[in-house]
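One structure is given here, and the rest of the page talks about it.
The values are calculated or read from the model by the stated rules, or taken from the named source; none is laboratory data. What you see is a predicted model; the values in this text were computed from it and never measured. Because the Cβ atoms are built from the backbone with ideal geometry, glycine has one as well, and the counts that use them run over all protein chains shown.
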Ligand code: FES
């Protein structure tokens, strides 16, 4: 009779194997993704499988109760010590005895899928740069003298097919006692190498190491630095944290930092030191939060705009301050933590995503990695809104990119009652169509300003100002209810029929909230504020429109709003304002911090790095500053929603 048939699920891979073949061996031969750190020695339990019994008509097999060997001593001991889940077997111990269907649970897959909250987003498949390997090393022998490292390398080659693995001096300094303590059985963390670097031992533990290793995905923004600490074996985020970028003291926005470096001979160095110190503070904080030894952080991925990119690397951003905005390098960077004075594992790897252009940085590349416009059937417009808006437009055919100088108005700066998004800031607004009076919601408080109990509910935060999403909704609501006209002028109280409008010098203003009787602020929208928002939104819209011209289209299928700010914008209000082109409202979605997600993808999957490097090379860069059409679009887009562009979908 023929050999037993082994079918693996969910992959569906199948093959016949002689009786007595370990399940792990069958999986290996069929290319089934089944994990193992100990190489089949019954120590790591990463190889757990769930055999199914009974009739599998779908697969045309019946699995008898004795299709796998009985528990052996190794499995029994493992179960006694650690406990095997009901129905689970160790794939390296159980052997095939008859036809069998074997399920590989997600946690036993090396390339497991990491869950993302958004269904439409790209999948993250785990394939980290550093993996753990348990090896048994030959003991030294007086008759055949060789170094401990040489024997360790030989073991890695023979037991794991890892060739030419190198080790830093600090590994050599700790290796000998570890080998002896583990009785020549050790676990090593190996960085598998990349196109520029050979595989390298990052750490070594006696015996089987139960723990894991970690990586950092860092989004280095001009205002804040945010990081996710990820377990490289599960892909899980174990801690997330953020700090203000300490470079703020050299200038609020990027251009003022570039000019700081122009004015001060040591300016760039000072800023490099500041950002690295800030980063190290953040890393200490996040390691404490995640209860992780910083020495176990062996990989890090950075995304940032070009100026931050240069300042982190210690490159003077001078050239980025003037046309033609030449980057020192646009390519991806592969460095070591100690190149950047980072206080994680000293030979931890650092990967920086490529920059797209002098104005469109690695952060935009990370957004592209997260949202994958180059894989989309639909024509996607991806907008990352900040003081600069990075804009991507594309589909499978091609992808275009540009950046547009929106200025800080969307972050609440240069707005009379504006503030950053923080508890106490007005973030949602509605104007009553009858009374023309505004009601609002404040960050940190769940109910509307005209709901019962609002006074008590808002007591802890107070009402302090209006943030970017609040001002966008405010201006859009004012336009909807005829308080502001298309050119952007606030009418009088009489013209608009709103008791909230009051004469304010030569123009009119709108009173959103008056807290002066309680010692609070008076929150108003002035005509100047409207003007600031018009400029910012016109810049954004014109950038998008310019890319549409270049693409040869006059509408897009889908709009994705990226960035922390993007997550808070109401699509309808953004469209009423004419910030983004007309599109079906249900096709306007928020991607949250897509740059941060892109960093996480590149951290967890090394293939994604090669992928984004190729994508970035293929992206067509459009420089808004030299395009006459940009000015033309800008003038038209200053009107609300626009002087010439119709918004048929919005109005239907
Ligand atoms: Fe490690 Fe089976 S492979 S326990």
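Just to check your reading of the model, which residue among 177, 140, 145, 105 is more than 23 Å from residue 600 (Cα to Cα), out of contact with any helix residue (DSSP H, G or I) (no Cβ under 6 Å at 6 or more places or on another chain) and within 16 Å of the ligand (Cβ to nearest atom)? Before the answer, list the steps.
Numbers: 177 fails: within 16 Å of the ligand (Cβ to nearest atom); 140 fails: within 16 Å of the ligand (Cβ to nearest atom); 145 fails: within 16 Å of the ligand (Cβ to nearest atom).
Only one candidate qualifies: 105.
Can we say residue 585 is more than 27 Å from residue 421 (Cβ to Cβ) and either in contact (Cβ under 8 Å) with a residue 24 or more places away in the chain or under 25 Å from the mean Cα position of the chain (by Cα) (or both)?
Details: more than 27 Å from residue 421 (Cβ to Cβ): no; either in contact (Cβ under 8 Å) with a residue 24 or more places away in the chain or under 25 Å from the mean Cα position of the chain (by Cα) (or both): yes.
No: the conditions fail for residue 585.
Any residue in the range 72-86 that's within 20 Å of residue 107 (Cβ to Cβ) and in the same structural domain as residue 40 (by TED's automatic domain parsing): show its pairings with residues that are within 12 Å of the ligand (Cβ to nearest atom) and in a helix (DSSP H, G or I) at Cβ separation under 8 Å, as long as the two are six or more apart or on different chains.
Note: pairs meeting the criteria are 84/75; 84/78.
Do you know which of the residues in the range 392-419 that are modelled with pLDDT of 95 or more and assigned to a strand (DSSP E or B) is surrounded by the fewest Cβ atoms within 10 Å (Cβ to Cβ)?
Looking at the filtered set, the residue picked out is 400.
One line per residue, one yes/no per condition, for (1) buried (at least 19 other Cβ atoms within 10 Å of the Cβ); (2) out of contact with any helix residue (DSSP H, G or I) (no Cβ under 8 Å at 6 or more places or on another chain); (3) at negative phi:
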{"residue": "442", "(1), (2), (3)": "yes, yes, yes"}
{"residue": "456", "(1), (2), (3)": "no, yes, yes"}
{"residue": "480", "(1), (2), (3)": "no, no, yes"}
{"residue": "494", "(1), (2), (3)": "no, yes, yes"}
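Residues 150, 161, 139, 210: which one is on the phi > 0 side of the Ramachandran plot and out of contact with any strand residue (DSSP E or B) (no Cβ under 8 Å at 6 or more places or on another chain)? It would help to see each step written out before you state the result.
Details: 150 fails: on the phi > 0 side of the Ramachandran plot; 139 fails: on the phi > 0 side of the Ramachandran plot; 210 fails: on the phi > 0 side of the Ramachandran plot.
Among 150, 161, 139, 210, only 161 is on the phi > 0 side of the Ramachandran plot and out of contact with any strand residue (DSSP E or B) (no Cβ under 8 Å at 6 or more places or on another chain).
Find all pairs meeting these conditions: Cβ atoms under 7 angstrom apart; at least six residues apart or on different chains; first residue within the range 16-43 and closer than 15 Å to residue 4 by Cα; second residue part of a helix (DSSP H, G or I) and more than 10 Å from the ligand (Cβ to nearest atom).
Going by the 7 Å Cβ cut-off, the qualifying pairs are 17/26.
Within the group 77, 82, 28, which residue is within 14 Å of the ligand (Cβ to nearest atom) and within 30 Å of residue 237 (Cβ to Cβ)?
The match here is 82.
Output the number of the condition that residue 126 fails; it satisfies all remaining conditions of (1) closer than 30 Å to residue 587 by Cβ; (2) touching a helix residue (DSSP H, G or I) at 6+ places or on another chain (Cβ under 9 Å).
(1)
Mind listing just one residue for me: the one in the range 126-170 that is part of a helix (DSSP H, G or I) and in contact (Cβ under 8 Å) with a residue 60 or more places away in the chain and, of those, surrounded by the fewest Cβ atoms within 10 Å (Cβ to Cβ)?
170
Taking residue 122 as meeting all but one of (1) surrounded by 14 or more Cβ atoms within 10 Å (Cβ to Cβ); (2) in a loop (DSSP other than H, G, I, E, B); (3) within 15 Å of the ligand (Cβ to nearest atom), write down the number of the exception.
(3)
Kindly list the number of the only condition in (1) within 30 Å of residue 571 (Cα to Cα); (2) touching a helix residue (DSSP H, G or I) at 6+ places or on another chain (Cβ under 8 Å) that fails for residue 609.
(1)
In the range 31-68, which residues are at pLDDT 90 or above, outside any strand (DSSP E or B), away from the ligand (no atom under 16 Å from the Cβ) and crowded, with 16+ Cβ neighbours inside 10 Å?
Of everything in the range 31-68, just one residue is at pLDDT 90 or above, outside any strand (DSSP E or B), away from the ligand (no atom under 16 Å from the Cβ) and crowded, with 16+ Cβ neighbours inside 10 Å, namely 67.
Filter the range 421-439 down to residues that are over 19 Å from residue 482 (Cβ atoms) and in contact (Cβ under 8 Å) with a residue 60 or more places away in the chain and give me whichever is surrounded by the fewest Cβ atoms within 10 Å (Cβ to Cβ).
By that ranking, first place goes to 421.
Taking residue 76 and the conditions (1) touching a strand residue (DSSP E or B) at 6+ places or on another chain (Cβ under 6 Å); (2) surrounded by fewer than 19 Cβ atoms within 10 Å (Cβ to Cβ); (3) part of a helix (DSSP H, G or I), which numbered condition does it fall short on, given that it satisfies the others?
The one condition residue 76 does not meet is (1).
If residue 334 satisfies all but one of (1) part of a loop (DSSP other than H, G, I, E, B); (2) in contact with a strand residue (DSSP E or B) (Cβ under 8 Å, 6 or more places away or on another chain); (3) surrounded by fewer than 21 Cβ atoms within 10 Å (Cβ to Cβ); (4) at pLDDT 90 or above, what's the number of the condition it fails?
(1)
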